[in-house]
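*Asks:* First the structure, which I've put down as structure tokens, then a few questions once you've had a look.
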Amino acid sequence: MPTAYKVQFGEPFRDQKPGTSGLRKSSKQFEQPHYLESFVEAIFRTLPGVQGGTLVLGGDGRYGNRRAIDVILRMGAAHGLRHVITTIDGILSTPAASNLIRKNNAIGAIILSASHNSGGPDGDFGVKINGSNGGPAPESLTNAIYSCTQNLEEYLIVDHLPISLKEVGKHSIGAMTIEVVDGVEDYISLMQKLFDLDKISSFIKEDFTIVFDALNAVTGPYAKRLLEDLLQAPSGTVRNSIPLEDFGGCHPDPNLTYAKDLADLLLKEQRYSFGAACDGDGDRNMILGRACFVNPSDSLAVLTANASCAPAYSSGLKGVARSMPTSAAVDVVAKQLDIPCFETPTGWKFFGNLLDSDRITLCGEESFGTGSNHVREKDGLWAVLFWLQILSVKQCSVVDLMSQHWRRFGRHYYSRHDYESIPTHIAHGLYEKFELMLPELIGTSFGGSSVQHADNFSYVDPVDSSVTNGQGLRVILQDGSRVVLRLSGTGTQGATIRVYLEQYAPPEANLNQNPQLALKDLIADFNSLSEITSLTGMVKPTVIT
Ligand code: G16
């Protein structure tokens, strides 16, 4: 047994505060001596069950993945872990990690990813912590990890040469067993249980052409096996399918700006019936049809309305949930289905209690995340299969499905405007100034209606009654329209301001407008009140979704 020893590093790292989804910093910051080790030490001191427990470990393959796995294995052995499950080349998507935790009764996972942020030596790296239910660590745990880092001056580690992750097998470091598993297989078996893949396969063979962009990130190996091997889509259906350390220069964020090549194939050239992309770690998804972009809020509503098309959900849904900035499109569907609909703060962790207590079956967020009770993370490829399942049962195109949906439930015109890399003091100043204005806005005219309610969103968890304050500024109008202002919790350069805009059009209204036009009055009034252009110096948002 290699002997565990302490490494003293002097001054604690006081900037290791986890954001919406773990600790996310530039690769350069993570490369400072002892930086990664300090955060890992805080995890091992705080996560329940480390001594004698099983941990799932892997990442999206970005620069730093392999080094971090070696360090975590050596520190895990020093801290008395009994068993670590990792994967070939350490490649593991976030939803697949969630599945492995649940299947193996693990104490949790350490997932190495900065999600949709760019990678490489000049990009970002991240460490996400998942708990024993398979979901992102709750705030109580990430706060405890953070406070541990504040006084931390040393960590425990053993010396050991890197373990080979080239093939399936078992290794050990002292008393700790390291099991290298395939990583993809377990996830595929789960998908086979949820969906009728034969039905999808027959459908896409009948001239329904599909394309998937893995953006050189983690979903490539999963998508190849699912779409090309199992569904028998033509070879080449999965583009950019090999995970690369810098994502081949791609920004692995599935939206119209960063997945532009795919968007052009569907929206401009109209070469395929269906297109999709996932982000760096495989939990986000973007769905496109021929000449049709599916807004993520609408995607959740469509999945909810048509859930019975998939075998796993054919007996109905317990309830649904969406994050606060996500449009109320799913609320309208839930009302018609007569099932509960919950509104939570941004962050998948807030769905955990609702899923664990069986109050909801599906949930989703405007930030391209949709998922269900099959795991405790959002799941990109699951959403792709769910869409294909619905289309295969309805035998229709994406654009037809969307029009039918809006004709039945009405349309929530929706858009998110992101202002990225804003100096932190300017972004916080703008946010605080707007918050101070909220009480005075009530009753004034705004976006063609008048302000009925304005606040900073607070959430009381219906399961454990915990309260989370300060989750975003909401301006709610008499006609149900909304503007929401939030500061992102996942950026690493300066601050990102997110403005969410939403307006409902009933089934009989004009449902085919461009969202930017439909929302133009809301946009103009928000921009002028918040003075966002003059304060940020940006004449337009960095990304418009
Ligand atoms: C993370 C969380 C999501 C959340 C998103 C918000 O996404 O997992 O649940 O919606 O952050 O991001 P922001 O604070 O930038 O708006 P991911 O995919 O980065 O893990």
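*Asks:* Separation of the range 506-528 and the range 447-476 by C-alpha centroid, Å?
*Replies:* 22
*Asks:* Here's another thing I want to ask about it. At a 1.4 Å probe radius, carbon and sulfur cover how many percent of the accessible area of the chain? Working shown, then result.
*Replies:* On the way: 9900 of 20000 Å².
Heavy-atom surface of the chain belonging to carbon and sulfur, 1.4 Å probe: 50 percent.
*Asks:* Mind grabbing the base-10 log of I(q)/I(0) for the range 422-470 at q = 0.30 Å⁻¹? Debye formula, identical points on the C-alpha positions, no solvent, two decimal places.
*Replies:* Rounded to two decimals, the profile gives -1.01.
*Asks:* Let me ask something else. Which of the peptides 371-383, 70-82 is most tightly packed, and how do the rest follow, going by the mean number of other Cβ atoms within 10 Å of each residue?
*Replies:* So the order, starting with the most tightly packed, is 371-383, 70-82.
*Asks:* Fully extended, how many nm does the chain gain between SER201 and GLU11 (0.36 nm per residue separation, minus their Cα-Cα distance)?
*Replies:* Length gained, SER201 through GLU11: 62.7 nm.
*Asks:* How much area per residue is accessible in the range 5-182 when the probe is 1.4 Å and only protein heavy atoms are counted (Å²)? Intermediate results must be reported in sequence, preceding the final value.
*Replies:* Working: 6290 Å² over 178 residues.
For the range 5-182, the per-residue accessible area is 35 Å².
*Asks:* May I pose another question? If R0 is 25 Å, what FRET efficiency do you get for SER26 and GLN150 from their C-beta distance, rounded to 0.05?
*Replies:* Here the calculated transfer efficiency is 0.75.
*Asks:* Using the Kirkwood formula on the Cα atoms of the range 187-409, what hydrodynamic radius do you get, in angstrom to one decimal?
*Replies:* Computed over the range 187-409, the radius equals 17.2 Å.
*Asks:* Relative contact order for the chain: what percent, with Cα pairs under 8 Å and sequence separation of 6 or more?
*Replies:* On the way: 1241 pairs, mean separation 71.6, N = 545.
Once divided by the residue count of the chain, the mean separation gives 13 percent.
*Asks:* While we're looking at this one, here's another question. Quick check on my link table: of LYS170/LYS205; LYS28/LYS103; LYS128/LYS205; LYS349/LYS433; LYS103/LYS199, which ones sit more than 32 Å apart, alpha carbon to alpha carbon?
*Replies:* LYS170/LYS205; LYS28/LYS103; LYS128/LYS205
*Asks:* While we're here: For GLN513 paired with ILE442, estimate the spin-label separation in nm (one decimal), with each label point 7 Å from Cα along the Cα-to-Cβ line.
*Replies:* 2.8
*Asks:* Something else: Can you check what the net charge comes to around ILE476, using other residues whose Cβ is under 11 Å from the Cβ of ILE476 (Lys, Arg +1; Asp, Glu -1)?
*Replies:* -1
*Asks:* Another question, then. Net charge near ARG14, counting Lys/Arg +1 and Asp/Glu -1 over other residues with Cβ under 14 Å of its Cβ?
*Replies:* -1
*Asks:* Could you compute how much accessible surface THR54 exposes when probed at 1.4 Å, giving the result in Å² to the nearest 10?
*Replies:* Approximately 10 Å² of THR54 is accessible to the 1.4 Å probe.
*Asks:* Just to verify a number: FRET efficiency for GLN232 and ARG271, C-beta to C-beta distance, R0 = 22 Å, to 0.05?
*Replies:* After rounding, the FRET efficiency stands at 0.65.
*Asks:* Cα centroid distance between the range 68-102 and the range 350-372, in Å?
*Replies:* 25
*Asks:* Which part of the range 140-179 falls in the paramagnetic zone of ASP70, meaning amide N under 14 Å from the point 7 Å along Cα-to-beta-carbon?
*Replies:* Residues 158-166 fall inside that zone.
*Asks:* Hey, can you find the accessible area per residue of the range 187-409 for me, probe 1.4 Å, expressed in square angstrom?
*Replies:* Ligands and nucleic acids excluded, the figure is 32 Å² per residue.
*Asks:* Could you order ASP89, ASP298 so the one with the most accessible surface comes first? Probe is 1.4 Å.
*Replies:* My answer, sorted largest first, is ASP89, ASP298.
*Asks:* So, by mean Cβ neighbours within 10 angstrom, what's the order for 99-105, 347-353, 329-335 with the highest one leading? List each step's numbers first, then the result.
*Replies:* On the way: 99-105: 19.3, 347-353: 24.0, 329-335: 22.3.
The most tightly packed comes first, giving 347-353, 329-335, 99-105.
*Asks:* I've got another one for you. Mind giving me the nanometre distance, one decimal, between the label points for ASP246 and ILE426, set 7 Å out from Cα along Cα→Cβ?
*Replies:* Calculated label separation equals 2.8 nm.
*Asks:* Could you grab the relative contact order for the range 434-507? Cα pairs under 8 Å, six or more apart, rounded to a whole percent.
*Replies:* Rounded, it is 21 percent for the range 434-507.
*Asks:* Taking a ≥ b ≥ c as the square roots of the Cα gyration tensor eigenvalues, with a/c under 1.5 meaning rounded and otherwise prolate when a/b beats b/c, else oblate, which class fits the range 220-283?
*Replies:* Oblate is the answer for the range 220-283, as a/c is 1.5 or above yet b/c matches or exceeds a/b.
*Asks:* A further question follows. Run the reach check for LYS520 against lysines, Cα to Cα strictly under 22 Å, same-chain hits fewer than 8 apart removed. What comes back?
*Replies:* Leaving aside lysines fewer than 8 places away in the same chain, those within reach of LYS520 are LYS540.
*Asks:* With the dipole of the range 324-450 worked out from charges on the C-beta (+1 for Lys and Arg, -1 for Asp and Glu) around the Cα centre, which of LEU436, VAL375, HIS425 lies farthest toward the positive end?
*Replies:* The one lying farthest along the dipole's positive direction is VAL375.
*Asks:* Follow-up question, since we're still on this one. Name the helices (complete DSSP H segments) of the chain with a Cα length along the long axis of 18 Å or more and a Kyte-Doolittle mean of at least 1.6, or state none.
*Replies:* Both cut-offs are met by no helix.
*Asks:* Quick one: if the Förster radius is 30 Å, what FRET efficiency do GLN493 and LEU256 give, using the C-beta to C-beta distance and rounding to 0.05?
*Replies:* With R0 = 30 Å, the Cβ-Cβ based efficiency is 0.90.
*Asks:* Taking just the alpha-carbon atoms of the chain, what radius of gyration and Dmax come out, in angstrom?
*Replies:* 22.9, 73
*Asks:* So how long is each side of the range 447-545 along the principal axes, counting just the alpha-carbon atoms, biggest first, in Å?
*Replies:* Principal-axis extents of the range 447-545 (Cα, largest first): 43, 36, 22 Å.
*Asks:* For the ranges 500-511, 17-28, what's the packing order if you count other beta-carbon atoms within 10 Å of each residue, average per peptide, and put the highest first?
*Replies:* The peptides rank, most packed first, as 17-28, 500-511.
*Asks:* Taking every DSSP beta bridge with both residues inside the chain, roughly what % is antiparallel (nearest 5)?
*Replies:* Once the DSSP bridges in the chain are tallied, antiparallel ones form about 70 percent.
*Asks:* What's the Kirkwood radius of the range 75-153 in Å, using all Cα pairs?
*Replies:* Numbers: mean 1/r = 0.0712 Å⁻¹.
Kirkwood hydrodynamic radius for the range 75-153: 14.1 Å.
*Asks:* Can you pull the percent of Cα pairs in the range 184-249 with separation above 21 Å?
*Replies:* The calculated P(r) of the range 184-249 puts 26 percent of pairs beyond 21 Å.
*Asks:* For the range 1-35 and the range 140-157, compute the distance between their C-alpha centroids and round to whole Å.
*Replies:* Each part's Cα centre sits 9 Å from the other's.
*Asks:* Quick one: if you stick a label point 7 Å off each Cα along the C-beta vector at SER450 and LYS166, how many nm between them?
*Replies:* Inter-label distance under the simple model: 7.4 nm.
*Asks:* If you stretched the chain out fully between THR533 and GLN395, how much longer would it get, using 0.36 nm times the residue separation minus the C-alpha to C-alpha distance?
*Replies:* Details: separation 138, 0.36 × 138 = 49.68 nm, distance 4.58 nm.
Residue separation times 0.36 nm, minus the Cα-Cα distance, leaves 45.1 nm.
*Asks:* Still on this model: For the range 5-182, what does the alpha-carbon gyration tensor say about shape, rounded, prolate or oblate, given a ≥ b ≥ c as the root eigenvalues, a/c under 1.5 as rounded, and a/b over b/c as prolate?
*Replies:* It comes out rounded by the Cα gyration axes.
The values are calculated or read from the model by the stated rules, or taken from the named source; none is laboratory data. Small disclaimer: the values here were computed from a predicted structure and weren't measured. Every residue, glycine among them, receives a Cβ derived from its backbone with ideal geometry; neighbour counts consider all protein chains shown. Accessible surface is based on the protein model in full, side chains and every heavy atom, while ligands, DNA and RNA are left aside. Shrake-Rupley method; radii C 1.70, N 1.55, O 1.52, S 1.80 Å.
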